[in-house]
Structures are given as structure tokens and as C-alpha cells.
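The values are calculated or read from the model by the stated rules, or taken from the named source; none is laboratory data. The shown structure was predicted, so the numbers you read here are calculated from the model rather than taken from an experiment. Cβ: placed from backbone, ideal geometry, glycine included. Neighbour counts: every protein chain shown.
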Amino acid sequence: MFKPMILSSAILTALLSCGAQAATAKNVIFFLGDGMGPTTVTATRLYKVGEAGQLTMETLDHTARIKTFSHDAQTTDSAPSMSAYMTGVKMNNEVISMSSDTVAESPRKDANGNSGLSGCASSNGQPVSTLLELAKAKGKAVGAITTTELTHATPAATYAHICHRDAAYDIAAQAIPGGAGFNTALGDGVDVLMGGGANYWTPYDKDNNKRGRADGRDLMAELKAQGYATATTKSELAAVDPASSSRLIALFSKTSHMDYDLDRQKNAASTQPSLSEMTSKAIDLLSKKPEGYFLMVEGGRIDHALHGTNAKRALQDASAFDDAIKTALGKVDLSNTLIVVTADHDHTMTINGYSAKGNNVLDLVKEGSDKTIKRDINGMAITTLAFGNGPNRKQVREDLTSAQVLDDNYLQETGVKLGSETHGGGDVMLFAKGVDSDLFKGTLDNTKVFSKVKTALGL
């Protein structure tokens, strides 16, 4: 005689937990602070809100520790680390969203002598799907915005596949629906694209665009012909009306990256928007899609200032990045939106000494209630922030003053002299809030972040 099995509540719960987790995230905003290691987060807190304060990112509900090594190196560059977040695959340094066996091959020069054409052999690896592509295939709107060149490693990892991050002309072409080199996995294309480096998207001109495209294509014009709104200034961006536009290409620098936030704010003539303004507009446009959206937002110039050991500009850009997170939180419904904030790698910056509470993190180390300047064994003042390596290492240290080290252009001292500071190989932090944010906990490989975002979106 058959006897029914009676399951205890504990067993039933365990069995149910083994099943697939219901996807509840309609939208995902993935924030990437390039080079924003734990020390940079701490220093930005001290710079912006003080010891007892909290950055917006630090108020998010869930945290994790992220391992960032690449397929071939203990210390990653931005290309494979962001690609790991976007694809769940480890790849070699310099490679963008390709299989692990892909070898980085330096780009070729074009007819005008500008480097940036793909040197990738057809047999060199295979593309691997990105979160942005998977979201697009699911019917969602997608976007990628950055303060770097729009073809730079981090944004490129969302929409392109190539064996070397510096093949910028070919990376840009992958974003143009129907054009030569288009990445067909993007469907009808990326809905919102914003950043710098217009030269990679516009034709060569010997007088006005010497780093422009040798093939003569005007990629911005091609996108405009397909219904994209365009913008090159803050005012043009503000004028884009979500009621009449759902797609946008906006490039805010003719060559290279957008300005550091410190310089943008101090330049009364600046026509560039803040990352917060870019984020706000992107959300307005993407949220029109009933199926939801996937948006990547990069604070890209944090990394560049750290490479130069210019801590002041790095911290201000990290602060602006944090402002963009605050803007997003004020616009979204967290009952159907997942916010993820992380970094692609660390840097070698460290916080030195025993500075008194309230001391400016960019200043000299000043100890005790009387703010006595801390000096090295030779009687020279030292700064709170320093780097393991980089350009500012003199044969003999000079005595420093607060006026010197608080200057916008001061470069922190370094332990080992190199032309440019390197990345650090340490783990980075992840912060998450909103639907399914509890998926992020413990110590995770960066490839596992991909699978958790994918699960949350039901991709």
C-alpha cells in the first residue's frame, strides 16, 4: 500500500532552495569605478565626508570582496577584468570579451599613421556573450556611459569583442547597426552611448581631426540616420527629450577622454556634463522600455589620475562617481531594480602614518591634538597618501609644505620610480542594493558577479 511522504518544513525549504531562483530584477545598473580599490574608497570618504561619514556606495545593503586576477596575470588590466564581469570568462590582459585562449595582438596603424585598427587573426579566439548582449536579446534597452573614451576598455567590454583593447576604430564600428564590422549580437544596437573620444567615430581631417577615421565613415551620422539623438555638449544633452527620443549617442570630447571632474568644475567655459547628469539622462531614456534595461556606468578617470599619482583628481573623480550613484538611487524603483557598484582592479596608493582625526587626507601627516607634522628619519615631512610606484621619486627627498601637497597638480611620492604608476593586485569591494542584492556576499571571483547578475535578470 502506498504511503504518502510527509516532508518537514526544513526539508521542504531546502528542496525549494535548490530550484532556480525566480528572476525579479527588471533593471540593472552596473557601476564600475575604474581602479577604485579599497584604499581609494577610504580616501574618498575622508576627502568627501570625513571619518565618521559614509559615501553613498557605502550605504548600500550588501557587500562582497572581489578577486580580479586575469587569465594570465596576478594583476589585471581593465580589459579582462571588466570582461570577466560582463561575460563570466577569464581572459588574458588587453583582451576584450573573448574566449580564454585569445592572445592579445597589438593593433595596426591606418593609412594616416594612427594606431587603432584590429590586428586580430580570424583564428585567434571566439567572442563570448556579454550581459549587455544577453539583456538586449531578452528585449531590454541597454546603455553604456563613461567619462573615458567610449571605445576604452571598460565600455568596450560591454558591446565589443576584440583581441586588443587599443583597436579603437574597430571597437567603435562594432556599435553601428548594419555597418561594416557591426557586432550582430547587439540586435538593433546599443540604445544609449555616452563618453569621450569623438575622433574614433568621425572622419579624418588633416586640419581638424588628425586622429579621425581613415575609412571616412561618420559613425555618429550613421547612428543619427537610424533615429539616434546626438549630443556633444551639456546643453545638447539636457535638450534631449525622452518623450521624443529613446536612443542617444553623445560624445563630449573631440579627442581622448572627458575632463577630470576637478577641472570640469573649475573651468567656467566647460561644456561637458557631470557623470551624474549623464546617468540621469540615460535612466530617463532607457526606462521607457517596458521590458526594462541594463545600464553600465563607469567613473573611468579615477584610474587615470591614480596612474599619474595625482591623488586629488582621483578622489574628486571618485566623489563624482559616488554622486552618480546617489542620482541613480533617487530615480529608480528598488523593488524591481538591482544596483551593483564595484571596481575592476586596485592601485598601489596607501594611507600612511597616524594623522589626527579631521586632518585633510591630501595633506601632510599631522599628529596629535596640536597637529604636529610627522617627519621621516631625515627630518622631512611626509604625506598621508603615497604610492608604491610611479613617477614622483626624487634621489633625495625635499621637505614638503601643506601648500605644495594640497595643490591641484601635486603628484604623491612613490616607493619605486616608474614612468606611470601600475595597477595593484589586491581584491576590490562590491556594494549592492535593490532586488536580489543579497546574492552578493563573501569573497567572489569577478566571473561569479556575471552569473549573479545574469540570474537576477533571468537571462
Point to revise | Out of Asp166, Asp170, Asp218, sole residue that is farther than 26 Å from Ser100 by Cα, acidic (Asp, Glu) and modelled with pLDDT of 95 or more | key: Asp218
Point to revise | First in the stretch 110-129 and more than 26 Å from His71 (Cα to Cα), second anywhere and among the hydroxyl-bearing types (Ser, Thr, Tyr), Cβ under 6 Å, 6 or more apart | key: Asn112/Tyr204
Exercise for review: Test Ser106 against the criterion of being at pLDDT 95 or above and in contact with a Gly (Cβ under 8 Å, 6 or more places away or on another chain), and give yes or no.
Suggested key: yes
Practice item. Restricting attention to the stretch 102-117, report how many residues are within 26 Å of the chain's Cα centre (by Cα), assigned to a loop (DSSP other than H, G, I, E, B) and surrounded by 15 or more Cβ atoms within 10 Å (Cβ to Cβ). Key: 6
Review point. Listed residues Ala324, Ala356, Ala320, Ala314; which is modelled with pLDDT of 95 or more, farther than 19 Å from His257 by Cβ and touching a Ser or Thr at 6+ places or on another chain (Cβ under 8 Å)?
Key: Ala356
Study note, to complete from the structure: Per the filter on the stretch 134-166, residues more than 11 Å from the chain's Cα centre (by Cα), of a type in the set (Gly, Ala, Ser) and either farther than 21 Å from Thr255 by Cα or assigned to a helix (DSSP H, G or I) (or both) are Ala135, Ala137, Gly139, Ala141, Gly143
Exercise for review: Could you list, in sequence order, all residues of the stretch 122-144 that are among the hydrophobic types (A, V, I, L, M, F, W, C) and touching an Asp or Glu at 6+ places or on another chain (Cβ under 7 Å)?
Suggested key: Ala141, Val142
Check your understanding: Does the stretch 351-399 hold any residues that are among the aliphatic types (A, V, I, L, M) and in a loop (DSSP other than H, G, I, E, B), and which are they?
Key -> Ala356, Val361, Leu362, Val365, Ile377, Met380, Ile382, Val396
**Study point:** Lone qualifier among Ala314, Ala225, Ala305, Ala231 - being over 18 Å from Ile145 (Cβ atoms), surrounded by fewer than 24 Cβ atoms within 10 Å (Cβ to Cβ) and small (Gly, Ala, Ser)
**Key:** Ala225
Point to revise | Flag for Ala172 being surrounded by 23 or more Cβ atoms within 10 Å (Cβ to Cβ) and either touching a helix residue (DSSP H, G or I) at 6+ places or on another chain (Cβ under 6 Å) or of a type outside the set (Val, Ile, Thr) (or both) | key: yes
Check your understanding: Is it the case that Thr202 is in contact (Cβ under 8 Å) with a residue 12 or more places away in the chain, in contact with a helix residue (DSSP H, G or I) (Cβ under 9 Å, 6 or more places away or on another chain), under 22 Å from Thr76 (Cβ atoms) and assigned by TED's automatic domain parsing to the domain that holds Ala314?
Key -> no
Check your understanding: Which of the residues belonging to the stretch 426-446 are assigned to a helix (DSSP H, G or I) and crowded, with 18+ Cβ neighbours inside 10 Å?
Key -> Ser437, Leu439, Asn446
Exercise for review: Kindly indicate whether Leu219 is under 17 Å from Ser253 (Cα atoms), surrounded by fewer than 24 Cβ atoms within 10 Å (Cβ to Cβ), aliphatic (A, V, I, L, M) and more than 18 Å from the chain's Cα centre (by Cα).
Suggested key: yes
Study note, to complete from the structure: From the option list Ser129, Ser118, single residue qualifying as in contact with a Cys (Cβ under 9 Å, 6 or more places away or on another chain) and among the hydroxyl-bearing types (Ser, Thr, Tyr) is Ser118
Exercise for review: Would you confirm whether any residue within the stretch 351-373 is exposed (fewer than 14 other Cβ atoms within 10 Å of the Cβ) and under 30 Å from Met296 (Cβ atoms)?
Suggested key: no
Exercise for review: Of the conditions (1) among the acidic types (Asp, Glu); (2) assigned to a helix (DSSP H, G or I); (3) farther than 30 Å from Ala356 by Cα, Asp72 clears all except one; give me its number.
Suggested key: (2)
Check your understanding: If only one of Thr68, Thr59 is surrounded by fewer than 23 Cβ atoms within 10 Å (Cβ to Cβ) and within 19 Å of Met429 (Cα to Cα), which one is it?
Key -> Thr59
Practice item. Return a yes/no flag: does the stretch 278-298 have any residue that is of a type outside the set (A, V, I, L, M, F, W, C), at pLDDT 95 or above and closer than 18 Å to His347 by Cβ. Key: yes
Exercise for review: Quick one: in the stretch 79-101, of everything that is among the aliphatic types (A, V, I, L, M) and in a helix (DSSP H, G or I), which residue is nearest to Asp166 (Cα to Cα)?
Suggested key: Ala79
Practice item. Identify, from the list Leu117, Leu131, the residue that is within 30 Å of Asn27 (Cβ to Cβ), at pLDDT 95 or above, hydrophobic (A, V, I, L, M, F, W, C) and in the same structural domain as Val449 (by TED's automatic domain parsing). Key: Leu131
